[in-house]
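Taking it in order: structure first as structure tokens, then the write-up.
The values are calculated or read from the model by the stated rules, or taken from the named source; none is laboratory data. Everything numeric in this text was worked out from a predicted model, so none of it was measured. For neighbour counting, all protein chains shown are included, and Cβ atoms are generated from backbone atoms with ideal geometry for every residue, glycine included.
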Amino acid sequence: MFKKLASFHPPTYDGAPNPKAFEYWVQGMEKLFDTLHYPEEWRVGFVGFHLREEADLWWATVRNR
């Protein structure tokens, strides 16, 4: 399933404080998940992989709680 998602070159999010950029990223990921019929329980893991820089550091902190 991951290879299939990767073949669509999903967007990444770097944690920049730009609400529009974040919303566009979320919408892009949701479109991919809906198109590929990904189960809800798999989405968090895949999204975490597409976070970069500050967003990735934040996710590592949240995930460890």
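Tabulated data for the structure shown
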read-out: Filter result for Ala6 (among the hydrophobic types (A, V, I, L, M, F, W, C) and modelled with pLDDT of 90 or more); value: no
read-out: Condition met for Gly28 (touching a helix residue (DSSP H, G or I) at 6+ places or on another chain (Cβ under 6 Å) and among the small types (Gly, Ala, Ser)); value: no
read-out: Enumeration of residues in region 1-49 that are within 13 Å of the chain's Cα centre (by Cα) and on the phi > 0 side of the Ramachandran plot; value: His9, Gly15
read-out: Top-ranked residue in region 50-65 [being assigned to a helix (DSSP H, G or I) and without any contact (Cβ under 8 Å) to a residue 12 or more places away in the chain; ranked as surrounded by the fewest Cβ atoms within 10 Å (Cβ to Cβ)]; value: Asn64
read-out: From the options Phe22, Phe46, Phe33, residue that is part of a helix (DSSP H, G or I) and in contact (Cβ under 8 Å) with a residue 40 or more places away in the chain; value: Phe46
